[in-house]
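This report concerns only the one structure given below.
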Amino acid sequence: MHVLEAIRQRGSTRAFLPKAVSRELIQQLLAAARYSPSGTNIQPWRVHVVTGAVRDRLCARVVAAARTGTGEAPPYAYYPATWREPYLGRRRACGWGLYGTLGIAKSDRERMQAQQLRNFQFFDAPVGLFFTIDNDLPQGAWLDYGMFLQTVMLAAEGVGLATCPQAAWLDYHSIIRDELMLPADQTLVCGMAVGYRDTSAIVNGFRPDRLPVQSFTVWHDGEGGLS
Ligand SMILES: Cc1cc2nc3c(=O)[nH]c(=O)nc-3n(C[C@H](O)[C@H](O)[C@H](O)COP(=O)(O)O)c2cc1C
């Protein structure tokens, strides 16, 4: 697959087919993701592949916790503590776009919560990935990590799989730590659902817009003008 095709084809997938994913395929995509760049090649990633009974038990525990509470403080600030424009508007557009695709009205809190809970079933994907990093690594290593995550997702497209990166799990990181016996020197970065995209699911028709290139690019070309 051409790299540009993989970039455009990838989209956060929130409904998967009930089809098992072979260990070889996961191995294959992780083997490709190893080639992600990192400053001085420190390769700060650590991946936990969760399937079968472990996946089911972990999901059941987090779903039960999420049904009765709002979760715990995340291990690090992924989202801003206070939302401001232009990010607030973009975030809202994303949320309403997703719920609108599903026909969920703005007043329908119950269905919104039910959709949010789908995160904790990996949207029915048979494989869950959890990514961790050493606590003491600085921001640069997190930059490396982001590249790794995108490479995992593009490699997944390359082997015919789909993904959804998930920060939602951060609110339940202690349960994940407990189930996976994560050492105390590791921080949970995020989760990721991996499986075969259900192309007939309405939710997978949601493809959020992107800003045009000129809105985030300044050309310093000495021609005296920006376009
Ligand atoms: C690190 C990260 C965490 C995310 N967490 C969630 C999540 O918990 N649940 C979810 O449904 N989508 C999650 N998303 C998906 C974003 O909403 C999505 O990437 C964005 O709206 C752009 O859409 P696209 O990925 O389909 O292109 C996450 C994305 C990233 C990069």
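How many residues are open to solvent by less than 10 Å² (accessible area, probe 1.4 Å) and assigned to a helix (DSSP H, G or I) when one looks only at the range 162-173? The qualifying residues number 2.
Entry remark, the range 2-16: residues being under 18 Å from the mean Cα position of the chain (by Cα) and part of a loop (DSSP other than H, G, I, E, B) number 6 in total. Scanning the range 11-39 for residues that are crowded, with 16+ Cβ neighbours inside 10 Å and among the basic types (Lys, Arg) gives a single hit, Arg14.
Per the listing Thr40, Thr51, the residue uniquely more than 16 Å from the ligand (Cβ to nearest atom) and in contact with a Lys or Arg (Cβ under 9 Å, 6 or more places away or on another chain) is Thr51. The set of residues from the range 101-136 being within 16 Å of the ligand (Cβ to nearest atom), open to solvent by 50 Å² or more (accessible area, probe 1.4 Å) and either over 16 Å from the mean Cα position of the chain (by Cα) or aromatic (Phe, Trp, Tyr) (or both) comprises Arg111, Gln113, Ala114. Ala77 satisfies every condition listed in (1) farther than 30 Å from Val159 by Cβ; (2) without any contact (Cβ under 8 Å) to a residue 60 or more places away in the chain; (3) open to solvent by 80 Å² or more (accessible area, probe 1.4 Å); (4) more than 17 Å from the chain's Cα centre (by Cα) except (4). When Arg90 is tested against (1) touching a residue at least 40 places away in the same chain (Cβ under 8 Å); (2) assigned to a helix (DSSP H, G or I); (3) open to solvent by 20 Å² or more (accessible area, probe 1.4 Å); (4) within 15 Å of the ligand (Cβ to nearest atom), just one condition goes unmet, and that condition is (1).
Reported count of residues in the range 174-207, each being surrounded by 12 or more Cβ atoms within 10 Å (Cβ to Cβ) and not in a helix (DSSP H, G or I), is 16.
Can Ala155 be described as surrounded by 14 or more Cβ atoms within 10 Å (Cβ to Cβ), closer than 17 Å to Arg10 by Cβ and either hydrophobic (A, V, I, L, M, F, W, C) or without any contact (Cβ under 8 Å) to a residue 40 or more places away in the chain (or both)? So Ala155 fits the description; yes. Within the range 190-211, if we keep just the residues that are within 16 Å of the ligand (Cβ to nearest atom) and without any contact (Cβ under 8 Å) to a residue 60 or more places away in the chain, the residue that is nearest to Gly160 (Cα to Cα) turns out to be Thr199. Only one entry in Trp142, Trp219 is farther than 25 Å from Leu98 by Cβ, open to solvent by 60 Å² or more (accessible area, probe 1.4 Å) and within 14 Å of the ligand (Cβ to nearest atom), namely Trp142.
Check Ile176 against each of (1) closer than 21 Å to Tyr79 by Cβ; (2) more than 16 Å from the ligand (Cβ to nearest atom); (3) touching a residue at least 60 places away in the same chain (Cβ under 8 Å) and name the one condition it does not meet. Of everything listed in (1) closer than 21 Å to Tyr79 by Cβ; (2) more than 16 Å from the ligand (Cβ to nearest atom); (3) touching a residue at least 60 places away in the same chain (Cβ under 8 Å), Ile176 misses just condition (2). The residues in the range 64-79 that are part of a loop (DSSP other than H, G, I, E, B) and touching a Phe, Trp or Tyr at 6+ places or on another chain (Cβ under 8 Å) can be counted, and the count is 2.
The values are calculated or read from the model by the stated rules, or taken from the named source; none is laboratory data. Quick caveat, the model's predicted, so the values are computed rather than measured. Glycine also receives a Cβ, built like all others from the backbone with ideal geometry; neighbour counts cover every protein chain displayed. Protein only, heavy atoms only, side chains kept; ligands, DNA and RNA dropped before computing areas. Shrake-Rupley method; radii C 1.70, N 1.55, O 1.52, S 1.80 Å.
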